[in-house]
Each structure stands twice: as structure tokens, then as C-alpha cells.
1. Hey, fewest Cβ within 10 Å first, where do Trp103, Trp183 land in order?
2. Would you mind estimating how fast segment 11-205 diffuses translationally, via Stokes-Einstein at 20 °C and 1.002 mPa s with the Kirkwood radius over Cα pairs, in µm²/s?
3. Counting other C-beta atoms within 10 Å, which of Ile146, Ile137 has the fewest, and how do the rest follow?
4. Quick check for me: using +1 on Lys/Arg Cβ and -1 on Asp/Glu Cβ, what's the dipole size of the chain about its Cα centre, in debye to the nearest 20?
5. Pick out, from Gly42, Ala71, Ala169, the residue whose Cα sits farthest towards the positive end of the charge dipole of the chain, with +1 on the Cβ of Lys and Arg and -1 on the Cβ of Asp and Glu.
6. Which FRET efficiency value, to the nearest 0.05, do you get for Ala41 and Arg166 by plugging their Cβ-Cβ distance into 1/(1 + (r/R0)^6) with R0 = 30 Å?
7. In whole Hz and in residue order, list the ³J(HN,Hα) couplings for segment 168-182 that follow from phi through the Karplus curve 6.51 cos²θ - 1.76 cosθ + 1.60, θ = phi - 60°; x for Gly and Pro.
8. By how many nm would the segment from Glu139 to Arg8 lengthen if fully extended, with 0.36 nm per residue of separation less the alpha-carbon distance?
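The numbers here are math on the coordinates, done by the rules we state, and not lab data. Since the model is a prediction, treat every value here as computed from it, not as a measurement. When we count neighbours, we look across all protein chains shown, and the Cβ atoms used for this are built from the backbone with ideal geometry, even at glycine.
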Amino acid sequence: MYPSMSTRVDLVALHAREYGAGRTPRVVATAPARYLSLDGAGDVAGGEFLEQALALQRILRDLRSRVRRDAGKDFALPPLEALVGPPRGAGNGAAELAAGGPWKLLLRVPAFVRASDLAGLVDETEGEGETSRPARIEELQEGRCIQALHVGPFETVPATVARLRRSAAAADLEVRGRLHEVWLSSPGRTPAARRRTVVRLPVKVR
């Protein structure tokens, strides 16, 4: 018999300020967040990127089913996110975006989703070939960030990154860390001209 199902946790609603953005750059304070993650490299929204994104989303759906079954807890499926560029750079993600550098796919998960849940799922599905790379659960702490909404294809994201950098400099803030993108619309289903992406850069006081 399954445990009684609790109220569904919606992380986007709980952290609405972090996911809200307009065309004008603004500074937001982000909370530490836990993610189901997957590392890779290549063109963002290229064939392998989209394939791995779909695989990670399937893993999260299976993980949610397992948590529902074993713990009686539920959560809303989050939008796809990614860190773009070298892990230890100065936040210059625009160049890596164009050059097909490293990226980390992210799907936000609540605190009650544990690494042991993922390990148990991997044991259950071993040999099914969901993804060629191992997924894991990790925490991201970005703190203070500057972000804006980008509408349009991925190829024009560097222009939005440049606007964020200019706004950060005008506010006497220094960009740090990796370029962070949040796809409010599905990259594989939404026409390029209508894609809505939150573009974020971690910052600190100079």
C-alpha cells in the first residue's frame, strides 16, 4: 500500500522571483538549490544536447514516480536549465555558447529527493540505456545574480549576455561564475523566434 500523497511541491512557484525576468536586467538573490544534473559538451540545443536533455527529463519523471511510491511525496516537473561555459571561468559564457564548449544540464528537485533515490532508480533501470552519461544530484549556490529575459533563438543569447555585463558594470558589480540559462519554453518544441529564456550571471561587488 502506497503512503498517502502529500501536497505537490512547485519549486518555481516557491521561488517565483528567481524565475521572473523582463527585458530590463535586474539583480536577484538566489537561494541554494538542488538539481538533478548531467554534464556534457557541444553546441547548446544541438542534437546531442537535446538528446541528453530529453533523457534527463525522463530520468526525473521516473525519479518522481519512485519518490511518490516510496515516500508519498510529489513535486511539479521544473523547466530545463543549464550552466554554459568552463566550470571555473569568469562567467564569459557567451563565447563558450558559440564555440560549443562544456555545459551542465539541470532540473531542480526538492530537498526530499535524495541521492539514494537516484541510486535506487539507477539500479532498477540498469542496462536500459537512458543516457550515456551518469546523472547525479548536486547543490548549486549562486547567490546574487543579474538576469534578464531573452526572447529568440539561442544564437542571439550573447547579445543579452552583453547587456547583462554592461548593466553589472554600471552597478559596480563584477560578473563571476558560469552563464546560467533557464528555458521557460521547451527548446525542442518552441519555434526559435518565440523561445523565452531567463539568462543569468552571478555577480559580486567589485
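1. Going from sparsest to densest Cβ surroundings: Trp183, Trp103.
2. Estimated diffusion coefficient is 125 µm²/s.
3. Ile137, Ile146
4. Its charge dipole is roughly 980 debye.
5. After comparing all options, I get Ala169.
6. For R0 = 30 Å, the calculated efficiency reads 0.60.
7. 5, 4, 5, 8, 6, 10, 9, 6, 9, x, 9, 4, 10, 10, 10
8. 45.0 nm
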